[in-house]
Structure formats: structure tokens, C-alpha cells
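Let me begin by presenting the structure, written as C-alpha cells, before commenting on it.
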Amino acid sequence: MQAPRSPLVHLELQTGNLPRAVAFYTRLFGWRTERIEVPCGSYLALDLGDGIEGGVVEREAESALWLPYVEVPDLAAAVGRARALGASVLLEPREGPAGWRSIIAAPAGGEVALWQSKSAAVGDLEPGDEFAAGAQSQPQPRNQENEKSDR
């Protein structure tokens, strides 16, 4: 069975030097930043242009990395498929203000975040809202009744 096609919805830079990284990318590409206040603190959203949102977070690491977020219709099923294909789960599914995420590492290298929105449609949320970390939680199956109450 072929997996459903899943869109790339967000690109997040994880860096050990947030001010330096932001200065570089905003000057090089003209990207705009916006600090988004979320329940657990703040998130620096990046306006990358048409069609995709971005963000920057500061974290201790040997080197900076860009983490793509791919939207999936069922996070638990996608994590299960990833495990079956040999991926390591670096971050178990966790709930944020507007959805659930999990981070996996492919067997041949590379990391990707899997994203299941609480919103029915991609792009219904403010930039950065959907990617803020929240309490540990398993995603619930999507259905139209739940989606209406989450808006």
C-alpha cells in the first residue's frame, strides 16, 4: 500500500546562535521575523515567502540544522509506518496548542518532523502557533466533529 502524499508545511532552523542566524538569513534573503507568544514562551516565526512558513529556535547543538515539517493525516499511523521502515523516533508524538508533532530520523540519515494539525485545513493558523511545544500527549484520530470544536 502506498502512503498518502504529504505536503511540506514548515521549515525550522535549530541553531546554537539565534541572533547571528537571524541576522544572516534576514540580510541574505530578506526574510522577515515575528516573535509569536505561546503558552510555553515565545517562538520566532520566519516569513519565507509564498507557500511555506518557517521558524527559528535556539538549542545547543554541534551544528545548526534545518528541520522540515511534513503534514500527515494521522500522526500515530505515520510514526508507526516510519518505525516499520527502520526510522528512529527522536521525539514521541507530543501535543502543542494547535496540533501534534513527532520527530523521526531516517535509517540512512536525516531528520524530519511529522505534523498533524488540529485544524481541518493547512494554513488556518497563525505562523508559529502550530509548532510550539506543549504537553506530552498522543494524537487523537481526526474526525469532522472534533475539527469543528477545535476552531
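Considering (1) in contact (Cβ under 8 Å) with a residue 12 or more places away in the chain; (2) under 19 Å from the mean Cα position of the chain (by Cα), say which one Tyr25 fails and leave the rest.
The failed condition is (2).
When you look at Trp31, is it under 15 Å from the mean Cα position of the chain (by Cα) and not hydroxyl-bearing (Ser, Thr, Tyr), yes or no?
Working: under 15 Å from the mean Cα position of the chain (by Cα): no; not hydroxyl-bearing (Ser, Thr, Tyr): yes.
When the stated conditions are applied, Trp31 does not pass them.
Name the pairs: first residue in the range 95-117 and more than 12 Å from Ala82 (Cβ to Cβ), second residue assigned to a strand (DSSP E or B) and polar (S, T, N, Q), Cβ to Cβ under 8 Å, at least 6 apart or on different chains?
So the pair list comes out as Glu95/Gln136; Ala98/Ser117; Gly99/Gln116; Gly99/Ser117; Trp100/Gln116; Arg101/Gln116.
What's the total number of residues in the range 73-128 that are part of a strand (DSSP E or B), among the hydroxyl-bearing types (Ser, Thr, Tyr) and either on the phi > 0 side of the Ramachandran plot or at pLDDT below 95 (or both)? So that I can check it myself, show each step before the final result.
First, pick out the residues of the range 73-128 that are part of a strand (DSSP E or B): 88-96, 99-105, 111-117.
Within this subset, residues satisfying the condition of being among the hydroxyl-bearing types (Ser, Thr, Tyr) are 88, 102, 117.
Then drop every residue that is not either on the phi > 0 side of the Ramachandran plot or at pLDDT below 95 (or both), which leaves 117.
Matching residues across the range 73-128 total 1.
The values are calculated or read from the model by the stated rules, or taken from the named source; none is laboratory data. Since the structure is predicted, the reported quantities are computational estimates derived from the model, not experimental observations. Cβ coordinates were reconstructed from backbone atoms using ideal geometry, including for glycine residues, and neighbour counts include every protein chain displayed.
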